[in-house]
1. If one computes P(r) from the Cα atoms of the range 138-200, what percent of pairs lie at distances over 12 Å?
2. Work out how much length Q190 to E222 would gain on full extension: take 0.36 nm times their residue separation and subtract the Cα-Cα distance, in nm to one decimal.
3. Order the peptides 275-286, 113-124, 219-230 from the highest to the lowest mean number of other Cβ atoms within 10 Å of their residues.
4. Take the alpha-carbon centre of the range 99-159, take the same for the range 173-219, and report the distance between them in whole Å.
5. Note the direction-averaged projected area, equal to a quarter of the hull surface, for the Cα convex hull of the range 95-219, in nm².
6. Return V289, V274 ranked ascending by Cβ neighbour count within 10 Å, so the fewest neighbours appear first.
7. Which order do I182, I99 fall in if you start with the one that has the fewest other Cβ atoms within 10 Å?
8. As a footprinting exposure proxy, order L231, L183 by other Cβ within 10 Å, with the fewest listed first.
Amino acid sequence: MKDRYINPFTDFGFKRLFGSEPNKDLLLDFLNELIKERGHIQNLTYLKAEQLGLSEFERRAVFDLYCESETGEKFIVEMQKAKQKYFKDRSVFYSTFPIREQAQRGQEWDFQLNAVYTVGILDFVFDEDKDSPEYFHHHVQLMETKRKKVFFDKLTYIYLEMPKFTKTEEQLETHFDKWLYILKNLPRLQERPRRIQERVFQRLFEAAEIARFDPAERAAYEESIKVYRDLKNVIDTGREEGREEGREEGREEGREQGREEGLAQGRLEGIRQVAQQMKAAGEPMAKIVAYTGLTAEQIGEL
């Protein structure tokens with residue numbers, strides 16, 4: 001493998017950097033940058049990533065990372081590789097699990113809740129924001145619409161549209177800039193950038209160096225990067241085929257409608273191919289759902 005450092009948008013790479021106890025300080029530093037206006041997290045405890053519904057008939061949720069601060073704040077952290085039609089809906093649905101698990105059973109409870117944060121590091125751009133290239137850091141809370149004030153500050157959704165972050169090394173100004181630069185460019189780097197010398201980033205580059213992996217870790221990463229590249233390839237192919245099909249249909253039915261339908265169909269077909277590959281390789285259903293955005297029912301029909 002020619003890359004020196006892992007790709008954090010792979011399942012293995014993301015869990016390696018942020019999901020292991022030895023590297024918990026990396027996740028702490030990153031989250032503190034995201035919520036520094038609200039306070040400072042001293043410690044985190046990793047929680048079970050799979051959350052079950054209240055009954056066997058209810059849907060479950062499988063988070064990339066789920067953790068809790070020393071003061072009881074809950075954090076869902078996800079690296080989202082592919083665009084999904086109802087991605088925001090899924091984020092809201094996922095946030096209900098750490099909310100309702102706070103209900104105290106068998107005793108009087110006054111409904112007081114600890115804060116819940118959902119963090120999405122996105123390898124795509126929201127369609128509704130594609131014409132705002134400078135706006136990539138979304139910080140969402142419940143707002144009273146007439147007064148334009150936060151109504152409830154204990155439920156927060158933070159989304160980072162990584163394709164929009166285009167700063168070069170020379171343009172990095174803040175600690176947060178450096179985090180985003182590393183997340184976006186890590187697999188393309190061969191050395192630690194001169195402007196990124198903080199101790200926490202030294203730890204990150206050490207954890208991310210592929211040469212330090214044992215054979216089992218290297219094999220796991222190679223499989224993870226293969227799945228990631230296959231998914232990216234089919235999405236890119238679907239996008240290109242969609243443009244071509246859209247142009248053809250546009251001549252007959254209207255360029256814009258044809259382009260959108262062709263793009264959607266090409267992307268869906270490509271994602272189905274990736275799901276078939278993962279299914280044939282024996283990947284868990286929850287992982288296939290997370291990678292492709294297809295439902296368990298759709299995957300079962302492949």
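Quick note: the coordinates plus some simple rules give every number you see, no bench work behind them. All values derive from a computational prediction rather than experimental measurement. A quick note on method: Cβ atoms are made from the backbone with ideal geometry, for glycine too, and the neighbour counts reach across all protein chains shown.
1. Working: 1452 of 1953 pairs.
Cα-Cα pairs of the range 138-200 separated by over 12 Å account for 74 percent.
2. Residue separation times 0.36 nm, minus the Cα-Cα distance, leaves 9.7 nm.
3. On the way: 275-286: 13.9, 113-124: 19.6, 219-230: 16.9.
Per-residue Cβ counts within 10 Å, averaged per peptide and sorted highest first, yield 113-124, 219-230, 275-286.
4. So the two Cα centres are separated by 29 Å.
5. Its average projected convex-hull area is 13.2 nm².
6. V289, V274
7. Final ranking by Cβ density, sparse to dense: I99, I182.
8. L183, L231
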